[in-house]
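Structure first, then comments.
The values are calculated or read from the model by the stated rules, or taken from the named source; none is laboratory data. Every value quoted in this text rests on a predicted model; they were computed, and no experiment measured them. Cβ placement follows ideal geometry from the backbone for every residue including glycine, while neighbour counts extend to all protein chains displayed.
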Ligand SMILES: [Mg+2]
């Protein structure tokens, strides 16, 4: 059965929304139109990373539908993996938050892989929000981009959706299409 890699931040966890809410409530997620979110808020990258690391996990938001749909995909027989780009030292708090939240949502039994070179794995589908992933043209057919304010400029290059609730249908279609390659 097909293997699905699911990015965590920006896909399952609403990191930017939760961060703005906790540290910069004068901004909205829709204001963040670029991958380098710290520039919009007027702080350094280092400070943003530090703030991300000390978010209150009880006030971290998840994207609607994510938990239910991931469980549905599992019941449909798909193999689920969480695949996240993090630095084990710089993002230590975030890794703890992820694990706490995933456990809390009964998603803690799926493998949690930390690796930024996501394109190197043999997954059938990669659910991602980082616009940079489309630069790896050889895996574009496997990418399912969650449409976010910071990746609008590349959504037309790959399969994409704004909502978890449409994901099952899109994945089925992608797998059929890719099978014919
Ligand atoms: Mg992400």
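Below is a table of values for the structure above.
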| quantity | calculated |
| --- | --- |
| Condition check for residue 28: away from the ligand (no atom under 14 Å from the Cβ) and farther than 15 Å from residue 146 by Cα | yes |
| Residue 133 being part of a helix (DSSP H, G or I), without any contact (Cβ under 8 Å) to a residue 40 or more places away in the chain and either farther than 12 Å from residue 35 by Cβ or in contact with a helix residue (DSSP H, G or I) (Cβ under 8 Å, 6 or more places away or on another chain) (or both) | yes |
| Of all residues in region 87-106 being out of contact with any helix residue (DSSP H, G or I) (no Cβ under 6 Å at 6 or more places or on another chain) and in a loop (DSSP other than H, G, I, E, B), the one that is nearest to residue 172 (Cα to Cα) | 106 |
| Residue in region 86-99 that is surrounded by 15 or more Cβ atoms within 10 Å (Cβ to Cβ) and within 12 Å of residue 11 (Cβ to Cβ) present | yes |
| Of all residues in region 116-129 being out of contact with any strand residue (DSSP E or B) (no Cβ under 7 Å at 6 or more places or on another chain) and part of a loop (DSSP other than H, G, I, E, B), the one that is farthest from the ligand (Cβ to nearest atom) | 122 |
| Of all residues making up region 136-153, the number that are surrounded by fewer than 19 Cβ atoms within 10 Å (Cβ to Cβ) and either modelled with pLDDT under 95 or in a helix (DSSP H, G or I) (or both) | 8 |
| Restricting region 56-70 to residues that are more than 16 Å from the ligand (Cβ to nearest atom) and surrounded by 14 or more Cβ atoms within 10 Å (Cβ to Cβ), the residue that is farthest from the chain's Cα centre (by Cα) | 57 |
